[in-house]
Amino acid sequence: MHEGAPPLSDQDIETLAAASGQRLVREFAEKYANLRERVRRLPVAQAKDIAVQLSCPMEVAQVAYLVNLDGILSVKEAVSIVSGELQRRASVGEDVPNLSSNILEFSLLEGKWIEYIYGSFVRELELRTRELSNLESSGDVEAPTVEKGIIVISARAKLAKGFILPAIRTWLEEHPKSNSEDVLMAFGPAVTKWKLGTLKGKLLQLRRRNQALYRQLRKVLASTSESATVDAKIAEIDSIVEGLGMDLSNMNPDAVAHFLVHIAPRQTGRGDRSHYVEMGVSSTRGGKAEPDMASPFDFLERDVRLGRRRSGTERVAYLSEHIGRVIRVLKYQGNPIPDCVEKCILEIRDRLHIQNVPTEEIIKKSKAELIDAPAERRDELAARIVVEFINSYAIGG
């Protein structure tokens, strides 16, 4: 959606939601089948070691190992999430029977959700949020026109109802006696990249900001003359604000979806434009929140050639920053971190015609390092591996 485009109708959003739900069903079927088949081939000794170290059932350890192998989360983080859901179910009287087959089935279902939420869901949300970021500038959100207010509200509704809501409803259906606070604890850390404790500490403040933004937009819309479109948007705002005002455990799914839209990091280079919205790290071109690189490998080649003009720590700093951008773009395109590194190394070798380099050995070693590293350090480690390859084989010293 761009400024001046007509807002989506409820039917349009329902169509988007239905398509999102269908994609979710297909993706979940594939993820579940993939995890189940790989669990059968997993060496028992490795799962046993994890189970002993982290004091968890071996079936939980098996799935956590695969989640880590896919570059989604560390083993410890995956075990924590699966074990946390085991405890939640016990606390609401929905205990998972203490039988190997039942615990494995439960762990596979939770592993499917972890891989979805921390993988494709977050990547897709980051891509879709860029569109919204371009609408939420300080002047526009603090004192928007009626037309701009309607566009911002519609853009948020498109993202909340057309993409996030189907996932939330499915999560609630598959997690017995769960509530909106459980949803926020499941999706929130993945969306914000915050630890669970940090998220809990900020929830109330972020909710007030979300309500304040919508009240500001409502005030602008209420100042215009009678209009069926405006009246509908005001009613929509009132419903969202009321939903956000409920206890965290009693918010309706629609309000939770809007809340997740609000707390999703914004990628923008125009500064902190609104005290209602949390902005993320700058990643822009031409003042717009959009990918830095239309062709990441073209820019990768350019960065290596420009890196040759620098030396010492200046070169390392330059390459680290720019290679980090390439890694992020590749991640947005759906590539796991180990594959990002492999593609960068192979592209550099082929584009710069580098010969007699043990690329297979380097790639194998890098993948092992990345799998062993904590999830929060993998991006930095991936960039460092590529920079070291460039220094050793593409530049020399």
Next on the checklist: Residues that are under 30 Å from Arg377 (Cα atoms) and of a type in the set (A, V, I, L, M, F, W, C): does segment 138-157 have at least one?
Outcome noted: no
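I'd like to check something: does segment 148-162 contain any residue that is within 20 Å of the chain's Cα centre (by Cα), under 20 Å from Pro253 (Cβ atoms) and surrounded by fewer than 21 Cβ atoms within 10 Å (Cβ to Cβ)? Talk me through it step by step, then tell me what you get.
To start, the set of residues in segment 148-162 that are within 20 Å of the chain's Cα centre (by Cα) comprises 155-162.
Going one step further and asking which of them are under 20 Å from Pro253 (Cβ atoms), we end up with 155-162.
Then drop every residue that is not surrounded by fewer than 21 Cβ atoms within 10 Å (Cβ to Cβ), which leaves none.
No, segment 148-162 contains no residue that is within 20 Å of the chain's Cα centre (by Cα), under 20 Å from Pro253 (Cβ atoms) and surrounded by fewer than 21 Cβ atoms within 10 Å (Cβ to Cβ).
Do any helices (runs of 4 or more DSSP H) entirely within segment 1-111 hold 2 or more residues that are touching a Lys or Arg at 6+ places or on another chain (Cβ under 8 Å), and if so, which? Steps first, answer last, please.
Working: elements: 10-41, 44-54, 58-69, 75-91.
In segment 1-111, 10-41, 58-69 are the helices (runs of 4 or more DSSP H) which contain 2 or more residues that are touching a Lys or Arg at 6+ places or on another chain (Cβ under 8 Å).
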Checklist entry - For residues in segment 62-97 being within 18 Å of Trp194 (Cα to Cα) and of a type in the set (Ser, Thr, Tyr), which is surrounded by the fewest Cβ atoms within 10 Å (Cβ to Cβ)? => result Ser80
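Just for helices (runs of 4 or more DSSP H) wholly inside segment 181-264: which have at least 2 residues that are acidic (Asp, Glu)?
Working: elements: 196-222, 228-244, 253-263.
Helices (runs of 4 or more DSSP H) meeting the threshold: 228-244.
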Checklist entry - In segment 7-40, which residue that is among the acidic types (Asp, Glu) and closer than 18 Å to Ile114 by Cα is surrounded by the most Cβ atoms within 10 Å (Cβ to Cβ)? => result Glu27
Item to check | Residue among Gly201, Gly188 that is farther than 21 Å from Arg89 by Cβ and either small (Gly, Ala, Ser) or touching a Ser or Thr at 6+ places or on another chain (Cβ under 7 Å) (or both) | outcome: Gly201
Checklist entry - For segment 311-346, how many residues are surrounded by 18 or more Cβ atoms within 10 Å (Cβ to Cβ) and either over 26 Å from the mean Cα position of the chain (by Cα) or among the basic types (Lys, Arg) (or both)? => result 5
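Looking at Thr224, is it surrounded by fewer than 18 Cβ atoms within 10 Å (Cβ to Cβ) and either in contact (Cβ under 8 Å) with a residue 40 or more places away in the chain or closer than 21 Å to Ile164 by Cβ (or both)? Steps first, please.
Details: surrounded by fewer than 18 Cβ atoms within 10 Å (Cβ to Cβ): yes; either in contact (Cβ under 8 Å) with a residue 40 or more places away in the chain or closer than 21 Å to Ile164 by Cβ (or both): yes.
So Thr224 fits the description; yes.
Quick test for you: out of Ile354, Ile363, Ile345, Ile337, pick the one residue that is free of Cβ contacts under 8 Å to residues at least 24 places away in the same chain and β-branched (Val, Ile, Thr).
Within the list Ile354, Ile363, Ile345, Ile337, the selection yields Ile363.
Any chance you could count how many residues in segment 128-156 are in a helix (DSSP H, G or I) and at pLDDT 70 or above? Please lay out each step first, then the result.
Taking segment 128-156 first, the residues in a helix (DSSP H, G or I) are 128-133, 138-142, 146-156.
Checking which are at pLDDT 70 or above leaves us with 128-133, 146-156.
Of the residues in that region, 17 qualify.
The values are calculated or read from the model by the stated rules, or taken from the named source; none is laboratory data. Here the structure is a predicted model, which means the values were calculated and not measured. As a convention, Cβ positions derive from the backbone with ideal geometry for all residues, glycine included, and neighbour counts pool all protein chains shown.
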